[in-house]
Amino acid sequence: MLVSEAVGRTLAELGVRQAFGVVGSGNFDVTNALVAAGARYVAARHEGGAATMADAYARMSGEVSVLTLHQGCGLTNAMTGITEAAKSRTSMLVLAAEANAPTSNFAVDQAAMATAVGASTVRLDSASDVVTETVRAFHLARDERRTVVANLPLEVQGQAAAPGPPVEAVPSPAPPEPTAGDVDALAELLAGAARPVLVAGRGARHAREELLRLADACGALVATSAVAKGLFNGSPWSLDVSGGFASPLAASLMTDADVIVGFGCALNMWTMRHGRLIGPDARVAQVDVDAAALGRNRPIDLGVVGDSAVTAAAAAQALLRRSPSHDHVDSPAVSGGKLDMITGYREDAVRERIAREVRWRDVPYEDWGGEGTIDPRTLTIALDDLLPVERVVAVDSGNFMGYPSMFLSVPDEFGFCFTQAFQSIGLGLATAIGAALAQPSRLPVAALGDGGALMAAAEFDTVRRLGLPMLIVVYDDAAYGAEVHHFTDGQPLDTVTFPDTDIAAIGAGYGLDAAVVRTPDDLDAVRRWLDGPRDRALLVDAKVAAPRGSWWLEEAFRGH
Ligand SMILES: Cc1ncc(C[n+]2csc(CCOP(=O)(O)OP(=O)(O)O)c2C)c(N)n1
């Protein structure tokens, strides 16, 4: 077996089920070997799209995904998506063919490129131990949550691979347990809190039940960062997303908290509105499997190294031990409310306000629509009502992004895919494709600005070719709206505004169903599509009114 074949086959044997890429001469064999060994391969139209499809697939499936690339220019095309994945600690393995002859047009320093954007790098350059090294690269991606660029030198790929040890899929190692002292300190902090809030990030998506039990045990409200949206659905104490996207009520309840504990959550400038969501006297704790993450974005009063589920469960037990009247966390008195001695944040008035006001769609607004445009909030609320609950929503970057993020509900923490760690525009469509493949029973929704949509338009072809039943909503303000609303001092805006573009016609040209929406009545096109076979995606070119920036953008500029 050749080295290229050994790499592909080994990864399939380790459990890789899905690969994305653009195939050229240098990654043809390795990709075919992956497919021959049982993995599915999706040919994207641009490596930038392929990278983000692989990233989103990994996020929404929990599997290690593979991106396969041609040497040199295949990798440079994919760099933005690889950077987003690396910043998000996505478990993704990039198989990059590598030209090392200095005279090759394709030669660039691929290892340096990977390192420069925070990805890990390995070189599969030895025919004698390529199987062992491939297994190592896979485990680095999966167990250390790394985006790994594995360079495959052209001169080695065609050599005969020495047979390696039998490849076995080994389960991930057990997550780190917190020390008893740290658990006690966390319990102490929460026991003394009058208004605690627990905030879960992507690293706590597996910890819903444990976090809700801990919240019950200390009378806490719960919230998520954007990437974990949906985790606490159904809890009457959920504030939904914390941070720039938060509704006015969610933001004010966060700000009034006296203790905030982040679980698997970076507590970054977005989730904490540049710190403004943390009251002056609030104490902050952070729980993370990675010691380096603790206190990275802001000062914390307590840092705990530990898995979120394990730590939350242990802290709930510790709280319980402090209460003389309860001996088990699952006791109805605890799961239904709070411990005797802790009043917490759980007052009826708070619950009633959350039920009435926490959703953005319940916040009154003055409709901006008219003269051929629709208010983005009116549009999104109508879509929320029309679309089936079982959906997976992907959002691009731009002024518009808060509307689909906060006015569309999602079924759970695997219903929202948010590839915004690099704040790049143009990733939303590919995100929706990867998420759609990871969650095939859900209706995929891609929410894009006109700028991001046109940047990624090549992947409309991939949507059509895969037959994805996707709704693509373009919030079309004929502008780089985020920039328009940034520069409000009378500077010329010709560089960021555009004549109207018929994006529906572009979608139709790619073979998608398409409609222009200017009024709520125009959404009949969505109704008809939903009632039909949905064998083609529907692109909605929504001509949106944007007389001013969205609330989250105005909020973000305050932190600039
Ligand atoms: C790759 C990249 N280029 C440029 C930017 C700067 N930028 C941020 S938002 C934005 C405009 C996005 O326009 P659009 O997709 O139409 O959404 P809108 O802001 O109009 O809602 C730009 C150019 C960026 N974030 N990423």
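The values are calculated or read from the model by the stated rules, or taken from the named source; none is laboratory data. Keep in mind the model is a prediction, meaning the values are calculated, not measured. Neighbour counts are summed over all protein chains in view; Cβ atoms, including those assigned to glycine, are modelled from backbone coordinates with ideal geometry. For the accessible areas, the whole protein counts, side chains as well, though only heavy atoms, and no ligand, DNA or RNA atoms are used. Shrake-Rupley method; radii C 1.70, N 1.55, O 1.52, S 1.80 Å.
Tabulated results
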item	result
Enumerated helices (runs of 4 or more DSSP H) restricted to the stretch 347-435, each holding at least 2 residues that are more than 16 Å from the ligand (Cβ to nearest atom)	348-357, 376-386
Residues (over 28 Å from G398 (Cα atoms), open to solvent by less than 60 Å² (accessible area, probe 1.4 Å) and not aliphatic (A, V, I, L, M)) located in the stretch 343-381	G344, Y345, R346
Residues located in the stretch 452-490, provided they are among the aromatic types (F, W, Y), open to solvent by 50 Å² or more (accessible area, probe 1.4 Å) and in contact (Cβ under 8 Å) with a residue 12 or more places away in the chain	Y480
Tally, over the stretch 515-530, of residues that are part of a helix (DSSP H, G or I) and either under 16 Å from D477 (Cα atoms) or of a type in the set (A, V, I, L, M, F, W, C) (or both)	5
Residue within the stretch 32-54 that is assigned to a loop (DSSP other than H, G, I, E, B) and either out of contact with any helix residue (DSSP H, G or I) (no Cβ under 9 Å at 6 or more places or on another chain) or within 16 Å of the ligand (Cβ to nearest atom) (or both) present	yes
Subset of the stretch 436-464 (residues that are part of a loop (DSSP other than H, G, I, E, B) and either within 14 Å of the ligand (Cβ to nearest atom) or in contact with an Asp or Glu (Cβ under 7 Å, 6 or more places away or on another chain) (or both))	S441, R442, A456
Looking only at the stretch 515-535, and only at residues there that are in contact (Cβ under 8 Å) with a residue 24 or more places away in the chain and open to solvent by 30 Å² or more (accessible area, probe 1.4 Å), the one that is farthest from G370 (Cα to Cα)	D535
Any hit, the stretch 537-552, residues being more than 17 Å from L386 (Cβ to Cβ), open to solvent by 80 Å² or more (accessible area, probe 1.4 Å), at pLDDT below 95 and among the basic types (K, R)	yes
Residue count for the stretch 491-514, restricted to those that are open to solvent by 70 Å² or more (accessible area, probe 1.4 Å) and touching a Leu at 6+ places or on another chain (Cβ under 6 Å)	0
Test result for L320, modelled with pLDDT under 95, in a loop (DSSP other than H, G, I, E, B), in contact with a helix residue (DSSP H, G or I) (Cβ under 9 Å, 6 or more places away or on another chain) and open to solvent by less than 30 Å² (accessible area, probe 1.4 Å)	no
Contacts under 8 angstrom Cβ, first residue in the stretch 170-194 being under 26 Å from E63 (Cα atoms), partner open to solvent by 50 Å² or more (accessible area, probe 1.4 Å) and of a type in the set (V, I, T), 6 or more apart	P175/V289; P176/V289; P176/V305; P178/V305
The stretch 17-31 residues that are at pLDDT 95 or above and charged (D, E, K, R), paired with ones that are assigned to a strand (DSSP E or B) and buried (at least 23 other Cβ atoms within 10 Å of the Cβ) (beta carbon under 9 Å, 6 or more apart)	R17/S65
